[in-house]
Structure formats: structure tokens, C-alpha cells
Amino acid sequence: MSEVVLASDNQGKIQEINSLLRNTPLEVVGQGSLGVEPIEETGTTFIDNALLKARNAARQTGRPAIADDSGLEVDALDGRPGVYSARFAGAQATDTENVEKLLAALDGLAPEKRGARFRCAMVYVTHADDADPLICEGAWAGKIITGPKGDNGFGYDPIFWIEGEKATAAELAPERKNILSHRGQALRMLVAQLAERS
Ligand code: IMP
């Protein structure tokens, strides 16, 4: 079994990735348990930020690393908040503050102009200076509704409406969200490519 460091300490992400890796010789461990100091996300694209985080984790541990970066692109805001999704309402903003700011920015906008998508970049580097990283991307399209609905998930899930499900992302069971989501798509692609390599 070879251990790969995940540039995150989110237990949900660690478990989800390990369950997809169960038929491979790979396993991920959270970077905190290896003493990795997180790096500031200064990139301007999801791929830039995922690579920054993966290279940082690989550099500090000497191990291969996986990292992801994601966010919400809103059509009416020319793709914002994008890589700034977690900080849309300020550096220490809560999910509720970010959601309120987005709802205010779209106030009065017609339903057909409320298109949006979550995007995720998931990357794997064999070492900090890997010149040929594996890069996988997922996208999940929906609409921003006018008020929150549902208690599951996090971030913008309560205002992200998926027409095919007749539900917001926060009304989906976690297993269903993992099948459909930007992160689930990117992760399954990455795991398939890693399984081919190993
Ligand atoms: P991260 O890169 O996964 O930490 O995501 C950055 C930010 O994007 C989060 O803090 C959320 O605001 C938003 N975001 C990313 N993925 C999701 C999702 O699946 N649901 C809701 N919000 C998300």
C-alpha cells in the first residue's frame, strides 16, 4: 500500500477518496496528520490553486500528493465568485454571508438569467516539482434560486437548483450529490487514471 498525502484535512473528502481507491494500492492521508503547513491560495484558476496545494503538500512530506479546488461560477456575474467562492463576502465570511451576498447581487434577475455551475479541479503530483501532473476537472450546472432550501451539504448548496433532480444540492442525499457533483466527477476521473498508472 502506498500513502498519498491529501492537501486537505476534511474527513469527508479523505473518506470519499479512500472509498474510491479501495481497489488500488493507493491510500490518502490528510496533510495535517503529517504536519503540513497549508499554503495561501493565490492562484487565479482552480487548477492553479489545486497545483499550489498539491505541490506544497508534496514538498513538505516528500510524498505524492492529491489536491482539489472548487467554486461556483455565476453567469450573470461573469463567472464570479469563482476561485473566490469561499471569500465572496470577505476573508472570514461564513457560508450564510456568502449566500446572502450572492442572493442580493442577483436580486430581481429573471429565472432564465440565473444559470451557474460548480467547478472542481483535482490534481495529482508524484513530487513537488512534477512537470507532468495529472489534472482532472468536473462541472455541475444548475440555477441560483431566490432563497435557501434544504439542510444538507455546505456552501452554496441551499441556493443551487438542479432541474433534473427538482431539488437544490442541499436537498440531495450525500450519496446522490457525490454521484452528480463537480467534485465526484473529477475525483472518479482522477482515480481511474491513477489506477491505470499504478
Ligand atoms: P473548496 O475549494 O472545496 O474548499 O471550495 C471553495 C468554496 O467553493 C467553498 O467554500 C464553497 O463556498 C464553494 N463550493 C465548492 N464546492 C461546493 C459544493 O459542492 N457545494 C457548495 N459550495 C461549494
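Of all residues in region 89-97, at least one satisfies being closer than 18 Å to SER181 by Cβ, touching a Gly at 6+ places or on another chain (Cβ under 9 Å) and either crowded, with 20+ Cβ neighbours inside 10 Å or touching a residue at least 40 places away in the same chain (Cβ under 8 Å) (or both). On the stretch given as region 26-57, residues that are assigned to a loop (DSSP other than H, G, I, E, B), on the phi < 0 side of the Ramachandran plot and without any contact (Cβ under 8 Å) to a residue 40 or more places away in the chain total 7.
Could you list all residues from region 1-28 that are more than 16 Å from the ligand (Cβ to nearest atom), among the hydrophobic types (A, V, I, L, M, F, W, C) and closer than 17 Å to ALA128 by Cβ? The answer is VAL4, VAL5.
The number of residues in region 123-150 being farther than 18 Å from GLU73 by Cβ and within 13 Å of the ligand (Cβ to nearest atom) comes to 3. Residues in region 58-65 include none that are within 13 Å of the ligand (Cβ to nearest atom), in a helix (DSSP H, G or I) and among the hydrophobic types (A, V, I, L, M, F, W, C).
Only one residue in ARG197, ARG119, ARG188, ARG183 is charged (D, E, K, R), within 11 Å of the ligand (Cβ to nearest atom) and modelled with pLDDT under 95, so which one is that?
Numbers: ARG197 fails: within 11 Å of the ligand (Cβ to nearest atom); ARG119 fails: modelled with pLDDT under 95; ARG188 fails: within 11 Å of the ligand (Cβ to nearest atom).
After ruling out the rest, the residue left standing is ARG183.
Of the residues making up region 1-53, those that are surrounded by fewer than 16 Cβ atoms within 10 Å (Cβ to Cβ), out of contact with any Pro (no Cβ under 9 Å at 6 or more places or on another chain) and hydroxyl-bearing (Ser, Thr, Tyr) are SER19, SER33, THR42, THR44, THR45. Of all residues in region 165-176, none are loosely packed, with under 13 Cβ neighbours inside 10 Å, closer than 28 Å to ALA54 by Cβ and touching a Pro at 6+ places or on another chain (Cβ under 7 Å). Please determine, by comparing only the residues of region 66-84 that are surrounded by 16 or more Cβ atoms within 10 Å (Cβ to Cβ) and touching an Asp or Glu at 6+ places or on another chain (Cβ under 9 Å), which one is nearest to SER181 (Cα to Cα). By that ranking, first place goes to ASP69.
The values are calculated or read from the model by the stated rules, or taken from the named source; none is laboratory data. Please read these numbers as outputs of a predicted model, since none were measured by experiment. Neighbour counts are summed over all protein chains in view; Cβ atoms, including those assigned to glycine, are modelled from backbone coordinates with ideal geometry.
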